[in-house]
Amino acid sequence: QIPTTYTKFDTTDQQLFTFSQQTTDVLQNLKADVTLYLVAQSGQEDTTISELLSRYKALSDKITVTNVDPVTSPNFTKEFTSDTLDDNSVIVKSELRSQVIKNSEIYVEDYSNYYYSGTVDTSFDGENVLTSAIDYVTSEILPVVYALSGHGETELSSDLSSAVKKENMTLKSLSLLSLDAVPEDADCLLIYSPTSDLGQDEADIILTTWKTAAICCC
């Protein structure tokens, strides 16, 4: 009955089970119950992911870990996604909402050196995606970021879009040409490397109708 954090030392080279302060804070401040479903055929459970989930459970009595065999429960994942999940994907669920973490998001493959070395680098991102998902399913308010469009703005890089998503912010596009106010749900307005100036009408809309959040110009 002793929690895993006290019975097993983290002997991995990358310290996979030594959590950041952010993860510790999220888990210790949980007010809602969260279930972590490990979707894997019986006997095919990934030991690293299983260990990670057990350590999350050990840090909060709000966390429950359940293994689901897609062979014996073929309809289980349909409640959360229409995609077919690979073994050792994780579903995070609370009373508010749920989020699916695919195995490819936990073990991230990097092909940037493939042309030169013929190898694919794989990194374990389990803590980042799991903590982000727990925060997402338990947060009552999710920030909304609007990216301004219509001025030749640079398309957001996949890294930046991914970073916004991991912080559980919803990213939307915004054109002020047909609006007379910034949407009320906007928490941040992102003006990302425009190639032309905003019109005076657009500037006036931003300055006069929207004073509750932040403007980020890049």
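The values are calculated or read from the model by the stated rules, or taken from the named source; none is laboratory data. None of these values were measured; they are calculated from a predicted model. Note that we place each Cβ from the backbone using ideal geometry, even for glycine, and neighbour counts take in every protein chain shown. Note: areas computed on protein heavy atoms with side chains; ligands, DNA, RNA excluded. Shrake-Rupley method; radii C 1.70, N 1.55, O 1.52, S 1.80 Å.
Tabulated values for the structure
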| read-out | value |
| --- | --- |
| Whole-percent carbon and sulfur share, accessible surface of the chain, 1.4 Å | 48 |
| Backbone HN-Hα couplings from phi across the range 101-108 [Karplus 6.51/-1.76/1.60, Hz, Gly and Pro as x] | 10, 6, 4, 5, 8, 7, 9, 8 |
| Share of pairwise Cα separations in the chain, more than 25 Å, in percent | 52 |
| The chain: calculated mean residue ellipticity at 222 nm from DSSP helix runs of at least 4, using -39500 (n - 2.57) | -8000 deg cm²/dmol |
| Per residue accessible area of the range 115-218, 1.4 Å probe, in Å² | 60 |
| Centroid-to-centroid separation of the range 58-87 and the range 163-206 [C-alpha atoms, Å] | 37 |
| For the chain, size of Cβ-based charge dipole, Lys and Arg +1, Asp and Glu -1, in debye | 620 |
| Average accessible surface area per residue within the range 39-92, 1.4 Å rolling probe, Å² | 52 |
| Length-normalised contact order for the range 114-218 - Cα pairs under 8 Å, 6+ apart - percent | 30 |
